[in-house]
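*Asks:* Dropping the structure in here first, questions after.
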Amino acid sequence: MNIAFQPMPGIEGLEVFIFDIDLERQIADAVFRFGPDIIVANHRHVSQTNMLILEGELRMYESDGSIRERRTAGQYYRGTQDDAHREGGGPEGATVLYSVRGHGAEEVIVILDEDGGVLGTLTFADLINMQSQQG
């Protein structure tokens, strides 16, 4: 893929390229690339987030670390609002197109600790800032 991925701030092994943000309609489209066997922090998608697996295998984990499901290249998923989980690349990693569909809240994702407490958030403003720093 000829995409100029950038490291995702604060998450080793995860890269991102943000294609488009429509702030008025709260829609953001981005591609994330997970390194092999990378599992990102426990989080909750505040907004509906649809995804298309472009390459590899995306693994979805329950908050306790058990595997919920494996999603392979070519599969499309319509996300649900307020879904808490972990996710990450399989043995060869994963490249995934995410399409966020906001519903009035500024937050897109809430980062959770092991007990479900809030550690931080990713907002539409954060996405705009990240997009402005892309090459």
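*Asks:* Tally time: how many residues in segment 112-135 are in a loop (DSSP other than H, G, I, E, B) and either of a type outside the set (Gly, Ala, Ser) or under 16 Å from residue 33 (Cα atoms) (or both)?
*Replies:* 5
*Asks:* Shifting gears a bit: Output the number of residues of segment 17-34 satisfying the condition of being surrounded by fewer than 17 Cβ atoms within 10 Å (Cβ to Cβ) and either under 11 Å from the mean Cα position of the chain (by Cα) or touching a residue at least 12 places away in the same chain (Cβ under 8 Å) (or both).
*Replies:* 5
*Asks:* Would you be able to say whether some residue in segment 57-65 is touching a Lys or Arg at 6+ places or on another chain (Cβ under 8 Å), exposed (fewer than 12 other Cβ atoms within 10 Å of the Cβ) and either more than 25 Å from residue 129 (Cβ to Cβ) or without any contact (Cβ under 8 Å) to a residue 12 or more places away in the chain (or both)?
*Replies:* Yes, that holds for at least one residue.
*Asks:* For a quick check of your reading: which strands (runs of 3 or more DSSP E) sit entirely within segment 23-111 and have at least 3 residues that are within 26 Å of residue 1 (Cα to Cα) and not aliphatic (A, V, I, L, M)?
*Replies:* Per the criteria, 27-34, 48-61, 67-72, 83-101.
*Asks:* Restricting to segment 1-60, name every residue that is at positive phi and polar (S, T, N, Q).
*Replies:* 26, the sole residue that qualifies.
Throughout, read-outs are computed from the coordinates displayed, never taken from laboratory work. Model, not experiment: these values are computed from the prediction. Because the Cβ atoms are built from the backbone with ideal geometry, glycine has one as well, and the counts that use them run over all protein chains shown.
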